[in-house]
Amino acid sequence: ISQLSSISGDVIESQRVKLLHFRGIWSIVLVFNGSICMLLPQLITGLYGYNYEPAIPLAWVHLWLTGIICISNSLSQYLLADGKTGRLFKANSIGIIATAIIAYLFIPSHNALGYLVAQIIGHLLILVDILHVAFFSKVSKPDMALVRNFCILTIFVFGWTLTMLYVETSQLIRMSTAATSAVFIIAILFLTGLHPSEKLALRKKIMKTSLP
């Protein structure tokens, strides 16, 4: 927050630092969630036995909920640095009210899963509102394209991990798929989630560290 506050007067530099930090957090969430969610069936049944299979979808939802909260918290720092605490309060109020209403409707029929789904929807509303205030009102077209790419990749990873949650495979195949998926996500992030100048700088760093 201190770094963001120190450059808040420079709009261009402030947006650059915000987006770089934001994309970094988002990338970590995607790679982590994409890998762990793929391994959930083996992790839970291997640790606790097949009697705990009902916990698999709960753990999957909770992992994505944690990812959304992580991204929202990083965005909240930008609003705090800009002094927009009122908008932050408004966004959180909307999320809390939505969570309470949806939980009231979903818990009787879906129990704990209904509560987690209600939390995901509530935090998604918070995320969208904060994202709009932090970026969408003043972001450039190239940066908006990067955010769009991240959204598309997130939807893909979300759907892919949900599909694999119910596909029965051997432990070796699932671990191989998880590793391949992590490499694929990193590659897509490099191709679509970085500016050309950032790609060039990253290549130079890699080449520099690889030289004896």
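Excluding D129 itself, what net charge comes from residues whose Cβ is under 12 Å from its Cβ, given Lys and Arg +1 and Asp and Glu -1? Net of charged neighbours comes to +3.
Please state the shape class of segment 16-131: rounded when a/c is under 1.5, otherwise prolate if a/b exceeds b/c and oblate if not, all from the C-alpha gyration tensor. In terms of gyration-tensor shape, oblate. Estimated at the nearest 10 Å², the accessible area of V128 is 90 Å² with a 1.4 Å probe. For the pair K204 and I155, the difference between a 0.36 nm per residue extended length and the Cα-Cα distance amounts to 14.5 nm. A simple spin-label model places the labels of I97 and L165 2.9 nm from each other, with each point 7 Å out along Cα-to-Cβ. A Förster distance of 22 Å, applied to the separation of the beta-carbon atoms of A55 and I173, puts the FRET efficiency at 0.50.
Every Cα-Cα pair of the chain was included, and the share exceeding 23 Å stands at 55 percent.
With unit charges on the beta carbons (Lys and Arg positive, Asp and Glu negative) and the dipole taken about the Cα centre of the chain, which residue among G159, A178, W26 sits farthest to the positive side? Of G159, A178, W26, it is W26. By a 1.4 Å probe calculation restricted to protein chains, F32 has an accessible surface near 110 Å², given to the nearest 10.
Counted as membrane-span-like here are DSSP H helices of the chain whose alpha-carbon atoms extend 20 Å or more along the helix's own axis and whose Kyte-Doolittle mean is 1.6 or above; these are 171-192.
The values are calculated or read from the model by the stated rules, or taken from the named source; none is laboratory data. As the structure is a prediction and not an experimental result, all values here were calculated from the model. So basically every Cβ, Gly included, is an ideal-geometry build from the backbone, and we count neighbours across all protein chains shown. Surface areas here come from the heavy atoms of the whole protein model, side chains and all, with no ligands, DNA or RNA. Shrake-Rupley method; radii C 1.70, N 1.55, O 1.52, S 1.80 Å.
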